[in-house]
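**Q** What follows is a structure written as structure tokens; I'll ask about it next.
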Amino acid sequence: MNGLSFRLHWMLPALFPLALTACSSAAFTVANLPTYFEEITVVRDQMYGPDPSHLLDIYTSAHASNQLREVIVFFYGGRWTEGTKNDYRFIGATLVSRGYIVVIPDYRKYPDVRFPTFVEDGAKALAWVHDHIAEWQGDPQRIHVVGHSAGAHIGALLAADAHYLADAGKDRSIIRDVVGLAGPYSFTPSDPDLQDLFGPPANYPNMQVTTFIDGAQPPMLLLHGEADTRVKPYNLEKLRQRITEQGGCVRAIVYPDVGHSGILAALSWLNPSSAPVVEDIVRFFHSCES
């Protein structure tokens with residue numbers, strides 16, 4: 001750690017909680033700034049489909065290696081209406097430091113599109129990663145999916161409802177496992193814009209991950225903050241119960257005093273809550289393998 005990043009390491013944690021509550025863009029700036037001093041390589045704006053939004057970034061170690069590395073595809077949140085891959089450099093940096101190659105796709109959002117277009121985009125991105133990630137020494141047989149909030153919903157639905165990846169020419173078995181952070185897996189839309197996004201009401205079961213759990217889906221780790229008031233913990237409980245009933249592999253952890261943004265911040269270098277989210281994710285990978 002050089003002198004500047006050392007000083008930032010001590011100064012910014014005090015500012016980060018304020019940034020989270022005041023302005024999300026400020027929070028991302030705080031989280032991302034020190035990562036520009038880290039030894040990572042970013043390959044930007046690889047096209048995984050025909051739409052201008054079909055772009056993804058690939059994060060790798062700056063140190064060349066011939067060894068295949070496991071891959072994490074991270075789907076960010078934003079209520080299916082906002083967000084950009086450019087805000088999540090800190091996710092790439094954190095997970096690259098643990099030895100992974102990290103891919104962060106953009107996807108189309110409401111109101112430009114409605115459900116299930118963004119899930120279909122996620123399937124296209126995963127199919128592209130499976131076909132191309134070996135060009136960056138990524139192992140296409142070891143692709144993990146991680147998502148936060150709306151991104152957790154997308155990732156879990158890709159694992160549970162096999163038709164999305166089938167339509168992209170792949171089997172859902174290309175997903176080794178799924179980690180969902182604060183995911184809205186089993187809710188009924190009540191806000192007018194979400195009703196329009198997911199409706200009509202007869203379509204709601206198709207956007208609920210619990211509808212498609214059959215016990216054969218990839219293993220899932222469900223993480224949630226006890227203090228999350230944006231996505232209620234019952235989403236975790238319903239999905240965990242359904243997977244357990246169907247004989248699937250599921251682990252669940254609820255962190256005390258951690259909110260909706262705090263569980264994401266735990267993947268940054270700051271981690272103001274000190275929640276061991278990164279450690280729990282890495283520990284889970286392969287834990288359900290026989």
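**Q** Measure off, as a whole percent, the carbon and sulfur share of the 1.4 Å-probe accessible area of the chain, all protein chains present.
**A** Using a 1.4 Å probe with all protein chains present, the chain comes out at 52 percent carbon and sulfur.
**Q** Now a separate question. Springs between alpha-carbon pairs under 10 angstrom, Gaussian network model over the chain: which of 201, 192, 218 fluctuates most?
**A** 192
**Q** Would you mind classifying region 78-181 by shape? Square roots of the alpha carbon gyration tensor eigenvalues, ordered a ≥ b ≥ c; an a/c under 1.5 is rounded, otherwise it is prolate if a/b is larger than b/c and oblate if not.
**A** Taking the square roots of the gyration eigenvalues as a ≥ b ≥ c, region 78-181 is oblate.
**Q** Less than 12 Å Cβ to Cβ from residue 194, Lys/Arg counted +1 and Asp/Glu -1: what total charge do the surrounding residues give?
**A** Within the 12 Å Cβ shell, the charges total -1.
**Q** Subtract the Cα-Cα distance of residue 204 and residue 81 from 0.36 nm times their separation in residues, and report this length gain in nm to one decimal.
**A** Length gained, residue 204 through residue 81: 42.5 nm.
**Q** What's the extension gain from residue 51 to residue 163 if we count 0.36 nm per residue and subtract their Cα-Cα distance?
**A** Taking 0.36 nm per residue and subtracting the Cα distance, the gain is 38.2 nm.
**Q** Assuming 0.36 nm per residue, please report the length gained on full extension of the stretch residue 257 to residue 117 beyond their Cα-Cα distance.
**A** Extra length from residue 257 to residue 117 when fully extended: 47.0 nm.
**Q** Continuing with the same structure: Give me the net charge for the shell around residue 165: Cβ to Cβ below 14 angstrom, other residues only, Lys and Arg +1, Asp and Glu -1.
**A** Once positives and negatives cancel, what remains is -2.
**Q** Please label the shape of region 138-290 as rounded, prolate or oblate, based on the square roots a ≥ b ≥ c of the eigenvalues of the alpha-carbon gyration tensor (a/c under 1.5 means rounded; beyond that, a/b larger than b/c means prolate, else oblate).
**A** oblate
**Q** Moving on. Roughly how many Å² is the accessible area per residue of region 39-285, as a whole number, for a 1.4 Å probe?
**A** Accessible surface, normalised per residue, equals 38 Å².
**Q** Once label points are set 7 Å from the Cα along Cα→Cβ at both residue 135 and residue 42, what is their separation, rounded to one decimal in nm?
**A** My value for the distance between the label points is 2.0 nm.
**Q** Keeping all protein chains in position, work out how much accessible area residue 43 exposes to a 1.4 Å probe, and write it in Å² to the nearest 10.
**A** Estimated to the nearest 10 Å², residue 43 gives 40 Å².
**Q** Could you check what % of the DSSP bridge pairs in the chain are antiparallel, to the nearest 5?
**A** Once the DSSP bridges in the chain are tallied, antiparallel ones form about 30 percent.
**Q** Step through the residues of region 267-282 one at a time and calculate ³J(HN,Hα) from phi using the Karplus curve (6.51 cos²θ - 1.76 cosθ + 1.60, θ = phi - 60°), rounding each to whole Hz and writing x for Gly and Pro.
**A** Going residue by residue, I get 8, 8, 5, 7, 6, x, 8, 6, 5, x, 5, 4, 4, 5, 5, 4 Hz, with x marking Gly and Pro.
**Q** Sticking with this one: In debye, nearest 20: dipole of the chain around its Cα centre with unit charges on the Cβ of K, R (+) and D, E (-)?
**A** Approximately 340 debye in magnitude.
**Q** Ok, one more. Region 33-78: which GluC sites (Glu not before Pro) are DSSP loop and have at most 15 other beta-carbon atoms within 10 angstrom?
**A** The qualifying sites are 39.
**Q** Specify whether the C-alpha gyration tensor of region 224-290 places it in the rounded, prolate or oblate class, a ≥ b ≥ c being the square roots of the eigenvalues: rounded for a/c under 1.5, otherwise prolate if a/b is larger than b/c and oblate if not.
**A** Because a/c hits 1.5 or more and a/b fails to exceed b/c, region 224-290 counts as oblate.
The values are calculated or read from the model by the stated rules, or taken from the named source; none is laboratory data. Everything quoted here is computed from the prediction, not taken from an experiment. Positions of Cβ are backbone-derived with ideal geometry, glycine not excepted, and every protein chain shown enters the neighbour counts. When the accessible area is computed, the model is the full protein with side chains, heavy atoms only, and any ligands, DNA or RNA have been set aside. Shrake-Rupley method; radii C 1.70, N 1.55, O 1.52, S 1.80 Å.
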